[in-house]
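I have placed the structure first, in the form of structure tokens, so that the comments after it can refer back to it.
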Amino acid sequence: MTKVLVIGANGQLGSELTAELRRLHGEDRVIASDVRKNNGHSDQRFELLDATDKKALFDIITKEQITDIYHLAAILSAKGESDPLFAWDLNMNSLLHVLELAREGHIQKIYWPSSIAVFGPDTPKVNTPQRTIMNPNTVYGISKLAGEKWCEYYHQKFGVDVRSLRYPGLIGYKAKPGGGTTDYAVDIFFKAADNQHFKCFLGAHSMLPMMYMDDAIRATVELMTADPDLILVRNSYNVGAMSFTPSDIYREVVKFAPEFTISYAPDFRQAIADSWPQIVDDAPARKDWGWKEAYNLERMVEEIMHQLSKRAKK
Ligand code: SER
């Protein structure tokens with residue numbers, strides 16, 4: 001029977017994915033872990049865990065008889081640039097520990113997220129193919145590309161069942177991201193809901209691939225429940241849903257908050273955004289395991305603004 005450990009469960013993705021995994025497998029069959037306690041709520045099935053501590057990880061896995069790990073802990077693109085060696089250490093060594101535990105037979109299945117950050121300035125920006133020039137130039141991107149290759153290596157050499165998606169920017173309203181280049185597209189909603197001016201750290205016309213959190217969670221669950229024979233890409237799948245610029249999302253948000261204003265003050269994150277794809281080609285994910293997004297920009301903005309206004313009325 002499946003028993004799941006989520007590493008990095010308090011993060012933007014982890015908090016929503018943990019809730020969905022508990023719905024699917026049962027509360028008691030999903031252990032949440034993070035390096036910090038979540039002050040928001042008490043959770044009986046929570047373990048404090050530093051993802052770089054292999055012994056502590058091993059102890060939880062054996063104590064809880066874990067079969068599947070969702071390893072989400074990472075330092076994101078913008079934050080990684082302020083301490084590159086720390087980002088490398090956390091992002092890389094934690095993954096290698098999880099892969100080793102699978103090779104040694106302690107766990108059966110791994111999910112590990114990659115990112116559009118694996119691409120770099122030489123990569124074709126429009127309809128970026130699954131296989132193309134990579135050359136990332138952030139430490140986050142370098143660690144994700146190296147991680148993808150390690151996943152593929154452990155699969156090919158040792159038969160480890162590790163699966164991965166190259167997420168675009170993930171947008172939700174339940175938990176905030178931290179330290180990413182796509183975070184502006186989450187922050188904008190909270191400023192709009194509070195009727196505050198929004199100073200965007202990317203330029204008005206900076207286009208990036210993005211995805212609504214519900215789609216990201218569903219993509220993850222669909223990938224993880226697919227027949228292993230269908231998973232033909234064992235480094236990481238491109239997955240797309242929508243692409244937009246700050247001015248595109250502003251235009252949609254302002255429909256629900258007519259007084260809301262925006263200004264643009266690009267900082268160091270602009271160069272990171274400029275090095276990434278604008279639109280990804282995710283044909284292999286669609287063909288191999290049937291990926292299809294449900295949300296475009298309009299539908300996502302409508303949903304998030306609706307949810308935030310419901311929350312404000314409570
Ligand atoms: N959302 C991430 C970031 O901006 C990309 O994977 O760093």
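The values are calculated or read from the model by the stated rules, or taken from the named source; none is laboratory data. Model, not experiment: these values are computed from the prediction. A quick note on method: Cβ atoms are made from the backbone with ideal geometry, for glycine too, and the neighbour counts reach across all protein chains shown.
Annotation for the range 241-250: no member residue is assigned to a loop (DSSP other than H, G, I, E, B), surrounded by fewer than 16 Cβ atoms within 10 Å (Cβ to Cβ), within 20 Å of the chain's Cα centre (by Cα) and not hydroxyl-bearing (Ser, Thr, Tyr). If the condition is being out of contact with any strand residue (DSSP E or B) (no Cβ under 6 Å at 6 or more places or on another chain) and within 16 Å of the ligand (Cβ to nearest atom), then the range 142-167 contributes Ile142, Ser143, Leu145, Ala146, Gly147.
Report, by residue number, each residue of the range 113-138 that is touching a Leu at 6+ places or on another chain (Cβ under 8 Å) and either assigned to a strand (DSSP E or B) or touching a residue at least 60 places away in the same chain (Cβ under 8 Å) (or both). Residues satisfying the conditions are Pro113, Ser114, Ile116, Val118, Pro136. Taken over the range 194-220, the criterion of being exposed (fewer than 15 other Cβ atoms within 10 Å of the Cβ) and of a type outside the set (D, E, K, R) is satisfied by Asn195, Gln196, His197, Ala204, His205.
From the list Gln270, Gln307, the one residue that fits, being in a helix (DSSP H, G or I) and under 24 Å from Thr138 (Cβ atoms), is Gln270.
Let's see how each residue does on (1) at pLDDT below 95; (2) within 19 Å of Trp150 (Cα to Cα); (3) over 19 Å from the mean Cα position of the chain (by Cα); (4) in a strand (DSSP E or B):
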| site | (1), (2), (3), (4) |
| --- | --- |
| Thr2 | no, no, yes, no |
| Leu21 | no, no, no, no |
| Asn39 | yes, no, yes, no |
| Gln44 | yes, no, yes, no |
| Asp59 | no, no, yes, no |
| Lys63 | no, no, yes, no |
| Ser82 | no, no, yes, no |
| Asn91 | no, yes, no, no |
| Val98 | no, yes, no, no |
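Let's see how each residue does on (1) more than 24 Å from Glu20 (Cβ to Cβ); (2) within 16 Å of the ligand (Cβ to nearest atom); (3) crowded, with 22+ Cβ neighbours inside 10 Å:
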position	(1), (2), (3)
Ala87	yes, yes, yes
Arg103	yes, no, no
Phe119	yes, yes, yes
Lys125	yes, yes, no
Thr128	yes, yes, yes
Gly169	no, yes, yes
Ala175	no, yes, no
Gly178	no, yes, no
Ala192	yes, no, yes
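Listed by first and then second residue, the pairs linking a residue in the range 45-58 that is among the small types (Gly, Ala, Ser) to a residue that is crowded, with 18+ Cβ neighbours inside 10 Å and in a helix (DSSP H, G or I), with Cβ atoms under 9 Å apart and 6 or more places separating them unless they lie on different chains, are Ala51/Leu57; Ala51/Leu90; Ala51/Ser94; Ala51/Leu95; Ala51/His97; Ala51/Val98.
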